[in-house]
1. State all residues of the stretch 33-55 that are farther than 18 Å from residue 355 by Cβ and touching a helix residue (DSSP H, G or I) at 6+ places or on another chain (Cβ under 9 Å); if no residue qualifies, say none.
2. Out of (1) more than 22 Å from the chain's Cα centre (by Cα); (2) modelled with pLDDT of 95 or more, what's the single condition that is false for residue 300?
3. Which condition from (1) free of Cβ contacts under 8 Å to residues at least 40 places away in the same chain; (2) buried (at least 19 other Cβ atoms within 10 Å of the Cβ) is the one that residue 47 breaks?
4. Taking interchain pairs and intrachain pairs at least six residues apart, which have beta carbon atoms under 6 angstrom, with the first residue in the stretch 206-219 and touching a residue at least 40 places away in the same chain (Cβ under 8 Å) and of a type in the set (A, V, I, L, M) and the second assigned to a helix (DSSP H, G or I) and open to solvent by 20 Å² or more (accessible area, probe 1.4 Å)?
5. Filtering the stretch 176-200 down to residues that are outside any helix (DSSP H, G or I) and open to solvent by less than 30 Å² (accessible area, probe 1.4 Å), which residue is nearest to residue 261 (Cα to Cα)?
6. From (1) of a type in the set (D, E, K, R); (2) open to solvent by less than 30 Å² (accessible area, probe 1.4 Å); (3) in contact (Cβ under 8 Å) with a residue 40 or more places away in the chain, pick out the condition that doesn't hold for residue 250.
7. Can you pull out every residue in the stretch 105-137 that is assigned to a helix (DSSP H, G or I), open to solvent by less than 20 Å² (accessible area, probe 1.4 Å) and either free of Cβ contacts under 8 Å to residues at least 24 places away in the same chain or over 18 Å from residue 189 (Cβ atoms) (or both)?
8. Could you go through the stretch 221-228 and let me know if any residue there is of a type in the set (A, V, I, L, M, F, W, C), part of a helix (DSSP H, G or I) and on the phi < 0 side of the Ramachandran plot.
Amino acid sequence: MIAEKLSREVMQNLTENILPYWLDKMQDPRGGFYGRRDGSDRLDADAPKGAILNGRLLWTFAAAYRATGHEEYRVAAERAFNYILSHFIDSEYGGVYWSVNPDGSPCDTKKQFYAIGFVIYGMSEYARATSDPVALDTAIALYRSIEMHSRDLVRGGYFEALARDWTPLADMRLSDKDENAAKTMNTHLHIIEPYTNLYRVWPDEGLRDDIIQLMHIFMDVMEDRATHHLGLFFDEDWSRTDADISFGHDIEASWLLLETAQVLGDPLILEKTMAHTRAIANAALEGRRDDGSMIYEKTARGLDCDRHWWVQAEDVIGLVYLYKFHGVDEALEKAWHSWRYIADNIVDREGGEWYWSRRADTSVNRADDKAGFWKCPYHNSRMCLETARVLSLK
């Protein structure tokens, strides 16, 4: 009964709250989608457009179309697909630009491998949904760019960023809040995610080997054997450069890694991954609170108790995976409880979409974007689609 109700409500939120916001408020008549609406939902038509936002938009609408068959989602996915091909792909050096100007001209031309990963994710999902050969070829070409320019062939893993022409970059940070580390958990997580999705439509043996190497890094290098939290920042030799804990990334990794093992279909890899992801999920749940929410992170400064939209979404999927694949029956009720927190506190029922976060004092955070460089319909749409898919499995 809870499973049916949870599936119904999240899919209703997807089709009646999240996606209509992007269709009605974010389509740019100049092409593609606008770059930003602020925390008070005011349009900033002059904001740059980010590769992460556009890759995630492509994935979201392609995945929604594949799941529902609704033509308006295919049209929106095609819009994102064409815009990325026309404006984000670097035809001279390969890869994708970090951002473009409102008119589509290059803005920040650095090659952040996290961003390239999300364009692979979107392109591979568009190929899954439409069988478009250009989308598949583009995803494969971007995968090869990552392998050629980011892969550390000596110590394993992937470096963070390079300049447009693939030369070294002094500041490799993904965002202002991140450390300037050579390797990060976040980038590796969002390389294994698109690689897994690409493998679904292009089961190449070399790609498979690369995915298995990434699985090893997560379970044997990044995971703290004592606490089972994942390290966030590392130097070139895989020494940790921080002691922070990200509850949201832990719970996200717990289900993404299990999904990858399921796609690979190797019984030994799956057995090992089941054990590790159960431990990582349990560690992440240290950040879960009695009201069903999950706090953001723990750093040297203490606990950040804001309830970020994406962390709440990942908490629901992580709990659904614990219930369905690890046999933790009580996790389904917890997933429902977490969804109720989202529905009552994070969903903007008047303006559409979700707020960035609730502050620790429970007030709505309007200082951060409603839609923008980082605030995309990805974590929440993926939660809706994946929760409904997993709970429908027999």
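The values are calculated or read from the model by the stated rules, or taken from the named source; none is laboratory data. Note that the structure is predicted; figures quoted are calculated from it, not measured. Here the Cβ is made from the backbone with ideal geometry for all residues, glycine too, and neighbour counts use every protein chain on show. Note: accessible area is taken over every heavy atom of the protein model, side chains too, but ligands, DNA and RNA are not part of it. Shrake-Rupley method; radii C 1.70, N 1.55, O 1.52, S 1.80 Å.
1. 33, 34, 35, 49, 50, 51, 52, 54, 55
2. For residue 300, the failing item is (2).
3. Going through the list (1) free of Cβ contacts under 8 Å to residues at least 40 places away in the same chain; (2) buried (at least 19 other Cβ atoms within 10 Å of the Cβ), residue 47 breaks only (1).
4. If the second residue must be assigned to a helix (DSSP H, G or I) and open to solvent by 20 Å² or more (accessible area, probe 1.4 Å), the pairs left are 207/199; 219/276.
5. 184
6. All conditions pass for residue 250, except number (3).
7. Once the filter is applied, which keeps residues that are assigned to a helix (DSSP H, G or I), open to solvent by less than 20 Å² (accessible area, probe 1.4 Å) and either free of Cβ contacts under 8 Å to residues at least 24 places away in the same chain or over 18 Å from residue 189 (Cβ atoms) (or both), the stretch 105-137 yields 123, 126, 127, 135.
8. Yes, that holds for at least one residue.
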